[in-house]
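S.K.: The following block contains the structure, expressed as structure tokens.
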Amino acid sequence: MKFVGLLLFLCLAVGGSMKAMSANNTNKKDHAAAVAGTYNGEAFVEIMQQKMKLKLELQRTHRDSVIVVVKDFVLPTGQKFNYRSTGVSVKPEVKDGKTVYKLNISFTYMYNGMPMKVTATGTIKDGELDSLVKATIMDAMETKVTYKAKKA
């Protein structure tokens, strides 16, 4: 009886440690969890030649995708910009022995009644987000926005 109890205890202990090891491996591959959070920084809008504070949130949806959320970003015109994306893929790359995460997104937005196409690329390294946003208004005028932020 003691032998069966000991065997059962060993099975549970080994099973528990294997589960913990598999959970650690899963976390290493959970790229979305690595980048999820709130980022505080400044956006420089080329066409307006102005810097503006911008808070951006990345919400984990799956191990390899996030949702980008911008709330109440006030433009110099007084217009508030709110945005919530669909799933955005998080792609890891290794550079100089460190993992760097890449994000790409594109969407259309109505700005003062004019259609605007927006494409953005972002790189997250060591909790810092650098991104470049290109906005084309009415297929004619293009402007760029750079955004640099740190994870809060």
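S.K.: Past 27 Å, Cα to Cα: identify those pairs from LYS80/LYS125; LYS95/LYS117; LYS29/LYS53; LYS91/LYS150, in the order given.
M.R.: Beyond 27 Å between Cα atoms: LYS80/LYS125; LYS95/LYS117; LYS29/LYS53.
S.K.: What does the net charge come to around LYS91 if you take all other residues with beta carbon closer than 14 Å to its beta carbon, with K and R at +1 and D and E at -1?
M.R.: Taking every other residue near LYS91 into account, the sum is +2.
S.K.: Grab the other residues whose beta carbon is less than 9 angstrom from that of VAL70, score K and R as +1, D and E as -1, and report the net.
M.R.: +1
S.K.: Could you check how much of the accessible area of segment 32-151 is carbon and sulfur, as a whole percent, using a 1.4 Å probe? Present the calculation step by step, with values, prior to reporting the outcome.
M.R.: Values: 3700 of 7160 Å².
Carbon plus sulfur share of accessible area: 52 percent.
S.K.: A further question on this structure: Any idea what the relative contact order of segment 32-151 is, in percent, if you count C-alpha pairs under 8 Å spaced at least 6 apart?
M.R.: Result for segment 32-151 is 22 percent.
S.K.: If one computes the Cα centroid of segment 80-96 and of segment 31-47, what distance in Å separates the two points?
M.R.: Result: 9 Å between the Cα centres.
S.K.: Follow-up question, since we're still on this one. Report the net charge of residues surrounding LYS151, where surrounding means a beta-carbon distance below 14 angstrom and charges are Lys +1, Arg +1, Asp -1, Glu -1.
M.R.: Residues near LYS151 contribute +1 overall.
The values are calculated or read from the model by the stated rules, or taken from the named source; none is laboratory data. None of the values given here were measured: they were computed from a predicted structure. All Cβ positions, glycine included, derive from the backbone under ideal geometry; neighbour counts span all protein chains shown. SASA here: full protein model, heavy atoms, side chains in, ligands and nucleic acids out. Shrake-Rupley method; radii C 1.70, N 1.55, O 1.52, S 1.80 Å.
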